[in-house]
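Novice: A single structure is presented below for examination.
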Amino acid sequence: MRVVPMKALLDRAHAGAYAVPAFNVCNMEMMQCVLKTAAQEKSPVILGIHPLEVTYFGGAQVAVATAKALGQDLDIDVAIHLDHGDEEHLVMQALRGGFSSVMFDGSSLPLEHNIARTRWVVETAHMIGVTVEGEIGTIGMTTEFGERIENAHLSDPVSAQRLAETGIDCLAVAIGNAHGFYAEEPRLRFDLVEQIRERVKIPLVLHGGTGIPTDQIQHAIKLGVAKMNIGTALRYAFVSAVKETCDTEPVRDLALMTLGRAGMQRMAEVVRDYIGIVMSNNRMA
Ligand code: 13P
């Protein structure tokens, strides 16, 4: 596999009217499953690693070394991306560890602070060719069972333009999407995407991919989304397969490998589905 700056993948996707999936991974099994499935589907892929996931890996260096070792025989382009880095020291750790992309999430800050701190990250990361994603508005969290979307603020197009002027390579937008399971079918605000599009020409990023209907995802891609994040659906697939295996196999026969394999197998189906939905398959040929 080739570790490339995320910008290279997104610019290609933007021109080709598809999106690159960014799958959140927190351990070796998830990472292996994403890389192998992406290679089978000939899809470029982004490994999204949240700061908590970086810590769980044992640090940025470990995450990058693991990805490189797992992918050494695979013929795909991969970006290793820090998801939702909200402090400069987290960004610096990712840069030092060899990530090829970072998100600076200043979405909870007053606009001027978000702009100033994002600009610093852009100047720093671009010195070594690392891609930067910014966020405007706040992508909310659904509660665990999807009853409510909390703390969401839709993106304001003028603020989006101002953040884009920092030199970020792509922009995460809040357009009715949220992290976690949706209680009801989400309705993305395409009118807002169009207004943002008039002012912002860089690729847009859609977070909260789990549970957004295919037609809405593909319409968002037509309007300029070139990266889509998926996390909850993968964890749900993995954990439910592990749980079912625990419930059905006699405990004395349970090897950790049996559980890991069951998790990866179920998760691979979800990875394959999303690669199809964002139309990134057969883009490495
Ligand atoms: P979901 O967990 O809702 O798929 O969202 C993932 C995400 O956006 C990570 O940044």
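The values are calculated or read from the model by the stated rules, or taken from the named source; none is laboratory data. For clarity, every value in this text was computed on a predicted model and none was experimentally measured. Please note: Cβ atoms are built from the backbone with ideal geometry, for glycine as well, and neighbour counts cover all protein chains shown.
Novice: With the structure loaded, tell me whether Ala262 is more than 23 Å from the chain's Cα centre (by Cα) and modelled with pLDDT of 95 or more or whether it fails that test. Even if it seems obvious, please write down each step before you answer.
Specialist: Values: more than 23 Å from the chain's Cα centre (by Cα): yes; modelled with pLDDT of 95 or more: yes.
Yes: the conditions hold for Ala262.
Novice: Just to be sure, is Leu171 within 16 Å of the ligand (Cβ to nearest atom), touching a Pro at 6+ places or on another chain (Cβ under 8 Å), on the phi < 0 side of the Ramachandran plot and not in a loop (DSSP other than H, G, I, E, B)? Working first, answer last.
Specialist: On the way: within 16 Å of the ligand (Cβ to nearest atom): yes; touching a Pro at 6+ places or on another chain (Cβ under 8 Å): yes; on the phi < 0 side of the Ramachandran plot: yes; not in a loop (DSSP other than H, G, I, E, B): yes.
So Leu171 fits the description; yes.
Novice: Which members of the stretch 62-86 meet the condition of being away from the ligand (no atom under 16 Å from the Cβ) and in a loop (DSSP other than H, G, I, E, B)? If you could, list the steps in order and put the result at the bottom.
Specialist: At the first step, the residues of the stretch 62-86 found to be away from the ligand (no atom under 16 Å from the Cβ) are 62, 64-78.
Gly71, Gln72, Asp73, Leu74, Asp75, Ile76 - these are the residues of the stretch 62-86 that are away from the ligand (no atom under 16 Å from the Cβ) and in a loop (DSSP other than H, G, I, E, B).
Novice: Quick one: is Ile277 within 16 Å of the ligand (Cβ to nearest atom), of a type in the set (A, V, I, L, M) and surrounded by fewer than 23 Cβ atoms within 10 Å (Cβ to Cβ)? Spell out the reasoning first.
Specialist: Numbers: within 16 Å of the ligand (Cβ to nearest atom): yes; of a type in the set (A, V, I, L, M): yes; surrounded by fewer than 23 Cβ atoms within 10 Å (Cβ to Cβ): yes.
So Ile277 fits the description; yes.
Novice: Check every one of the strands (runs of 3 or more DSSP E) wholly within the stretch 95-162 and list those with 1 or more residues that are hydroxyl-bearing (Ser, Thr, Tyr) and in contact with a Pro (Cβ under 7 Å, 6 or more places away or on another chain).
Specialist: Numbers: elements: 101-104, 131-136, 140-142.
Here the list reads 101-104, 131-136.
Novice: Output the residues belonging to the stretch 51-81 that are under 14 Å from the mean Cα position of the chain (by Cα) and within 26 Å of Arg283 (Cα to Cα).
Specialist: Of everything in the stretch 51-81, those that are under 14 Å from the mean Cα position of the chain (by Cα) and within 26 Å of Arg283 (Cα to Cα) turn out to be Val78, Ala79, Ile80, His81.
Novice: Right, here's the next one. Which members of the stretch 241-265 meet the condition of being surrounded by 14 or more Cβ atoms within 10 Å (Cβ to Cβ) and either among the small types (Gly, Ala, Ser) or touching a residue at least 60 places away in the same chain (Cβ under 8 Å) (or both)?
Specialist: Across the stretch 241-265, the qualifying residues are Ala241, Gly260, Ala262, Gly263, Met264.
Novice: Regarding Ser107, is this residue in contact with a Ser or Thr (Cβ under 6 Å, 6 or more places away or on another chain), among the polar types (S, T, N, Q) and away from the ligand (no atom under 13 Å from the Cβ)?
Specialist: Working: in contact with a Ser or Thr (Cβ under 6 Å, 6 or more places away or on another chain): yes; among the polar types (S, T, N, Q): yes; away from the ligand (no atom under 13 Å from the Cβ): no.
Here the answer is no, as Ser107 does not meet what is asked.
Novice: In addition: Considering only residues of the stretch 186-209 that are out of contact with any Gly (no Cβ under 7 Å at 6 or more places or on another chain) and within 16 Å of the ligand (Cβ to nearest atom), which is nearest to Ala172 (Cα to Cα)?
Specialist: Per the criteria, the residue is Val205.
Novice: If you check Ala268, Ala233, Ala226, Ala178, which single one turns out to be closer than 24 Å to Phe104 by Cβ, surrounded by 14 or more Cβ atoms within 10 Å (Cβ to Cβ), modelled with pLDDT of 95 or more and hydrophobic (A, V, I, L, M, F, W, C)?
Specialist: Numbers: Ala268 fails: closer than 24 Å to Phe104 by Cβ; Ala233 fails: closer than 24 Å to Phe104 by Cβ; Ala178 fails: modelled with pLDDT of 95 or more.
Sole residue among the options that is closer than 24 Å to Phe104 by Cβ, surrounded by 14 or more Cβ atoms within 10 Å (Cβ to Cβ), modelled with pLDDT of 95 or more and hydrophobic (A, V, I, L, M, F, W, C): Ala226.
Novice: Sticking with this one: Pull up the stretch 27-55, narrow it to residues that are over 18 Å from Leu95 (Cα atoms) and not in a helix (DSSP H, G or I), then point me to the one that is nearest to the ligand (Cβ to nearest atom). Before the answer, list the steps.
Specialist: In the first step, residues of the stretch 27-55 are kept if they are over 18 Å from Leu95 (Cα atoms); the result is 27-45.
Filter once more, keeping what is not in a helix (DSSP H, G or I): 27, 41-45.
Values: Asn27: 16, Glu41: 19, Lys42: 23, Ser43: 17, Pro44: 18, Val45: 14 Å.
Here the residue is Val45.
Novice: Could you tell me which residue of the stretch 210-223 is surrounded by the most Cβ atoms within 10 Å (Cβ to Cβ), considering only residues that are more than 8 Å from the ligand (Cβ to nearest atom) and not aliphatic (A, V, I, L, M)?
Specialist: Initially, the stretch 210-223 is screened for residues more than 8 Å from the ligand (Cβ to nearest atom), giving 212-223.
Of the ones still in play, those that are also not aliphatic (A, V, I, L, M) are 213-216, 218-219, 222.
On the way: Pro213: 14, Thr214: 12, Asp215: 9, Gln216: 18, Gln218: 16, His219: 14, Lys222: 10.
Of everything passing the filter in the stretch 210-223, Gln216 is surrounded by the most Cβ atoms within 10 Å (Cβ to Cβ).
Novice: If the Cβ limit is 6 Å and pairs must be 6+ apart or interchain, which residue in the stretch 195-219 that is at negative phi pairs with which residue that is within 16 Å of the ligand (Cβ to nearest atom) and in a helix (DSSP H, G or I)?
Specialist: Hits for this filter: Pro203/Leu10; Leu206/Ala220; Thr210/Thr232; Thr210/Ala233; Thr214/Ile277; Ile217/Ile277.
Novice: Okay, next question. Sort out which residues of the stretch 195-224 are assigned to a loop (DSSP other than H, G, I, E, B) and not small (Gly, Ala, Ser), and write them in order of number.
Specialist: As a first pass, look at the stretch 195-224 and keep what is assigned to a loop (DSSP other than H, G, I, E, B): 200-203, 207-213, 223-224.
Passing the criteria: Val200, Lys201, Ile202, Pro203, His207, Thr210, Ile212, Pro213, Leu223.
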